[in-house]
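The values are calculated or read from the model by the stated rules, or taken from the named source; none is laboratory data. Computed from a prediction, not measured in an experiment: that's the story for all the values here. Note: ideal-geometry Cβ built from the backbone for every residue, glycine included; neighbour counts use all protein chains shown. When the accessible area is computed, the model is the full protein with side chains, heavy atoms only, and any ligands, DNA or RNA have been set aside. Shrake-Rupley method; radii C 1.70, N 1.55, O 1.52, S 1.80 Å.
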Amino acid sequence: MAGPIFDSHAHYLSRQFDGDRQQLLESLPAAGVAGGGEGATDLATSKGAVTLAAAWPFVWAAVGIHPESLIESDASTNAEFAGDWKAELAAIAPLLEQNKVVAVGEIGLDYYWVKTPEERAFSRDM
């Protein structure tokens, strides 16, 4: 039998789990999942990841901003910070002191999303 599973890149707070998140999280230990890292994509999801990690002993948080948050109107990057990702990072920084924050991420090293030379230049400048 394989050893326990640690999901290093989970999104338990995704809307797709709104109907059964509690049941899903309760089922994980019995399914062999020893832990998971909840990856955030903006300030709002970073706060959510910290809250989720505090509530579940086997969940840890990765706080940060994904570059796609710059184009998503409902991301706090735009809704709260008008696209000023540096200000948003400054707002996220205090969360790094939380006990169960173990990583910085989503940092958006998804180079397969880059389509144009301008986008490649932009992603390198970030």
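Key figures for this structure:
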{"read-out": "Among the candidates Val114, Val101, Val59, residue that is open to solvent by less than 80 Å² (accessible area, probe 1.4 Å), in contact with a Phe, Trp or Tyr (Cβ under 9 Å, 6 or more places away or on another chain) and at pLDDT below 80", "value": "Val114"}
{"read-out": "Pairs, first closer than 21 Å to His66 by Cβ in the stretch 11-34, second among the charged types (D, E, K, R), C-beta under 6 Å, six or more apart", "value": "Tyr12/Glu38"}
{"read-out": "Unique residue being at pLDDT 95 or above, among the polar types (S, T, N, Q) and either in contact with a Pro (Cβ under 8 Å, 6 or more places away or on another chain) or closer than 28 Å to Gly3 by Cβ (or both) when the list is Ser27, Ser14, Ser46", "value": "Ser27"}
{"read-out": "Any hit, the stretch 10-24, residues being touching a helix residue (DSSP H, G or I) at 6+ places or on another chain (Cβ under 7 Å), open to solvent by less than 70 Å² (accessible area, probe 1.4 Å), under 12 Å from Glu106 (Cα atoms) and of a type in the set (A, V, I, L, M, F, W, C)", "value": "no"}
{"read-out": "Matching option when the condition is of a type outside the set (Asp, Glu) and crowded, with 21+ Cβ neighbours inside 10 Å, among Ala34, Ala54, Ala75, Ala30", "value": "Ala75"}
{"read-out": "The stretch 15-32, subset closer than 20 Å to Val50 by Cβ and of a type outside the set (D, E, K, R), residue nearest to the chain's Cα centre (by Cα)", "value": "Phe17"}
